[in-house]
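Engineer: Just dropping this structure here.
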Amino acid sequence: MTEAKRGLIRISSNYAGLLITMMFGLTLVTVLLSIGNGVFGAVALLGTRLGLAGMMKEIVPSTMIRELGFAHHRGRNQFLETYNTALLLSIAVATLIMGLFAALIFGLLPLLNFPETLRDAAQWFVLFNAIEIFFIVVLGPTFNMYLVEERMVALNGWRVTIQGAYLVAAVIVFVLEPGTEAAALVLYGVF
């Protein structure tokens, strides 16, 4: 395959991934509103409050791409050393992020003006988000290898899968009709 064809595949994959995730996002808002205004409001509010902590799931893995790419082209020994170091750093940062989430759950969330019926559910929702972000950060070096090896279709497929999981979770909660908005919020966090 020529470099032009590989480039076309990479670019097409990137744009397709962006378009699909945008459509997932628009649909997700509609489904969350269908579940209940309280659930949508809690997810929207907590999404903005978790934004700083959630940014780490993008920042930490992306800071390693250059070093992993450089080591990948320098040979197996150099790569393994760099990759193992990246994994250790990811675990350390993910542990710090969990501490930040603990501060959010036990420090900030009780101060927010949540309805009493959603307060505990919001803490569970944040906990499940923390677990997700922990694993995304820890596995960052592994997922970066798709980018280092220029396997853009696989990388964008993985990104679409992650974004699609939010939509699938919301649809499952909508179909299950858990009864209360608090139960719906917790289930959405779990799924």
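Engineer: Identify, please: which residue in region 150-161 is β-branched (V, I, T) and surrounded by 15 or more Cβ atoms within 10 Å (Cβ to Cβ) and is, among those, modelled with the lowest pLDDT?
Structural biologist: Step one: of region 150-161, the residues β-branched (V, I, T) are 153, 160-161.
If we keep only those that are surrounded by 15 or more Cβ atoms within 10 Å (Cβ to Cβ) too, we end up with 153, 160.
Working: V153: 86, V160: 89.
Per the stated criteria, the residue is V153.
Engineer: So P178 ticks every box in (1) open to solvent by less than 60 Å² (accessible area, probe 1.4 Å); (2) in a helix (DSSP H, G or I); (3) under 28 Å from L109 (Cβ atoms) but one. Which box is left unticked?
Structural biologist: So the condition that P178 fails would be (2).
Engineer: List the residue pairs whose Cβ atoms are under 9 Å apart, where the first residue sits in region 168-186 and is of a type in the set (D, E, K, R), the second is outside any helix (DSSP H, G or I), and the two are 6 or more positions apart or on different chains.
Structural biologist: E181/G36; E181/P115
Engineer: Does region 137-175 hold any residues that are assigned to a loop (DSSP other than H, G, I, E, B) and farther than 29 Å from V39 by Cβ, and which are they? Working first, answer last.
Structural biologist: The initial filter retains those residues of region 137-175 that are assigned to a loop (DSSP other than H, G, I, E, B), namely 139, 149-151.
Matches in region 137-175: E149, E150, R151.
Engineer: Residues that are more than 19 Å from L167 (Cα to Cα), surrounded by 14 or more Cβ atoms within 10 Å (Cβ to Cβ) and either modelled with pLDDT under 80 or among the acidic types (D, E) (or both): does region 14-23 have at least one?
Structural biologist: Going residue by residue through region 14-23, those that are more than 19 Å from L167 (Cα to Cα) are 14-15.
Within this subset, residues satisfying the condition of being surrounded by 14 or more Cβ atoms within 10 Å (Cβ to Cβ) are 14.
Restricting the remaining residues to those that are either modelled with pLDDT under 80 or among the acidic types (D, E) (or both) gives none.
Within region 14-23, none of the residues are more than 19 Å from L167 (Cα to Cα), surrounded by 14 or more Cβ atoms within 10 Å (Cβ to Cβ) and either modelled with pLDDT under 80 or among the acidic types (D, E) (or both).
Engineer: Then there's this: Could you go through region 106-114 and let me know if any residue there is in contact with a helix residue (DSSP H, G or I) (Cβ under 7 Å, 6 or more places away or on another chain), in a helix (DSSP H, G or I), of a type in the set (F, W, Y) and touching a residue at least 12 places away in the same chain (Cβ under 8 Å).
Structural biologist: No, there is no match, as no residue in region 106-114 is in contact with a helix residue (DSSP H, G or I) (Cβ under 7 Å, 6 or more places away or on another chain), in a helix (DSSP H, G or I), of a type in the set (F, W, Y) and touching a residue at least 12 places away in the same chain (Cβ under 8 Å).
Engineer: Confirm whether T30 is closer than 27 Å to A165 by Cα, within 19 Å of the chain's Cα centre (by Cα) and part of a helix (DSSP H, G or I).
Structural biologist: Numbers: closer than 27 Å to A165 by Cα: yes; within 19 Å of the chain's Cα centre (by Cα): no; part of a helix (DSSP H, G or I): yes.
No; evaluated as a whole, the condition is false for this residue.
Engineer: Could you tell me which numbered condition M1 fails, if it satisfies all but one of (1) within 26 Å of V137 (Cα to Cα); (2) at pLDDT below 80?
Structural biologist: Here M1 clears every test but (1).
Engineer: Taking the residues in region 72-105 that are assigned to a helix (DSSP H, G or I) and of a type in the set (D, E, K, R) as candidates, determine which candidate is surrounded by the fewest Cβ atoms within 10 Å (Cβ to Cβ).
Structural biologist: Applying the first criterion (assigned to a helix (DSSP H, G or I)) to region 72-105 yields 72, 76-105.
Next, only the ones that are of a type in the set (D, E, K, R) stay: 76, 81.
Working: R76: 9, E81: 12.
Residue satisfying both the conditions and the ranking: R76.
Engineer: Please count how many residues of region 113-142 are open to solvent by 20 Å² or more (accessible area, probe 1.4 Å) and farther than 18 Å from T180 by Cβ.
Structural biologist: Our first condition is that a residue be open to solvent by 20 Å² or more (accessible area, probe 1.4 Å); within region 113-142, this holds for 113, 115-117, 119-120, 123-124, 127-129, 131-132, 134-136, 138-139, 142.
If we keep only those that are farther than 18 Å from T180 by Cβ too, we end up with 113, 127, 129, 131-132, 134-136, 138-139, 142.
Qualifying residue count for the region: 11.
The values are calculated or read from the model by the stated rules, or taken from the named source; none is laboratory data. On a predicted model such as this, the values are computed, not experimentally measured, just so you know. Glycine also receives a Cβ, built like all others from the backbone with ideal geometry; neighbour counts cover every protein chain displayed. Accessible surface is based on the protein model in full, side chains and every heavy atom, while ligands, DNA and RNA are left aside. Shrake-Rupley method; radii C 1.70, N 1.55, O 1.52, S 1.80 Å.
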